[in-house]
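Encoded as structure tokens, the structure appears first; notes follow it.
We did not get these values from a lab; they are worked out from the coordinates using the rules stated. Nothing here was measured: the structure is a model prediction, and the numbers come from that model. All Cβ positions, even for glycine, are placed from backbone atoms using ideal geometry, and neighbour counts span all protein chains on display.
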Amino acid sequence: MEVVPKETLREKIHAILKNANLEQTSSKKVRQTLEGMFKCDFTDRRKEIDKMVMDYVNSIQNDEESESSEEETKKKSPPKKAAKKRKTDSDSDASSNNDSGDDYKPEKPAPRAKKAKKADKTEAGAKKKGTGRKGTGFTRPYQLSPQLAAVVGSDMLPRHEVVKRVWAIINERNLYDPKNKQFAICDSQLQTVMGVKRFRTFAMLKYLKSHFLG
């Protein structure tokens, strides 16, 4: 029997999961769908397929985190733009007043110098602010709660890295529910973080969100 190339499997897995409900999907269901497509048994490639499924789920969570960060940035931007617009209107009014008569001509250089000075301060402030940035989107490290820090072994991590480490813990401790592998059964330490005894692995981020302190 011809072996299905790894890249072909990855493409099919992405196509299957693209419009799937991750709350109700499992690696086993994906594998069964692939077996139906290629008319062959993928039991011996189970770990390989499971890893591809996990990689895809992690990439989706990363994209969602990045989009969420962009939306937060957009929400903060309008007030700044409005302030800039008010400043422009003010400068325009001043310019109109200066052109209305000869009495204002001697005062023209002063507003321009003041505007240039403000622009320099704004630019310097922007540079200073940019220097202190620690990352954006899903690469931004978060302060973790003491409970989560104890589980993943670090006080600060990006969300995608936390998810990756929790996946590793589930695998290392063999916490998968034997009756349904799309769920994990928490040990005593993991339960202090998740707040539940059993959870769907693909939806773990919703149980972890409260542990990202900022």
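With 10 Å bins from zero, work out the P(r) of the range 140-214 over every alpha carbon pair and list the percent per bin.
Percent of pairs per bin, in order: 20, 58, 20, 2.
Counting each pair of different Cα atoms once, what's the Kirkwood radius of the range 6-60 in Å, rounded to one decimal?
Hydrodynamic radius (Kirkwood, Cα only) of the range 6-60 equals 11.1 Å.
Starting from the 7 Å offset along Cα-to-Cβ, what nm value, one decimal, do you get for the label separation of Ser154 and Asn180?
Placing both labels 7 Å beyond Cα along the Cβ direction yields 3.2 nm.
Work out, step by step, the length gained on full extension between Arg46 and Ala203: first 0.36 nm times the residue separation, then minus their alpha carbon distance; give nm to one decimal.
Here the answer is 54.4 nm.
Figure the gain on full extension for Phe38 and Val3 (residue separation times 0.36 nm, minus the Cα-Cα span) and round it to one decimal in nm.
Length difference between fully extended and current span is 11.6 nm.
Suppose the chain between Glu172 and Asp55 were pulled fully straight at 0.36 nm per residue; how much longer would it get relative to their current alpha carbon spacing? Display every interim value, and only then the final one.
Working: separation 117, 0.36 × 117 = 42.12 nm, distance 1.71 nm.
The span from Glu172 to Asp55 would gain 40.4 nm if fully extended.
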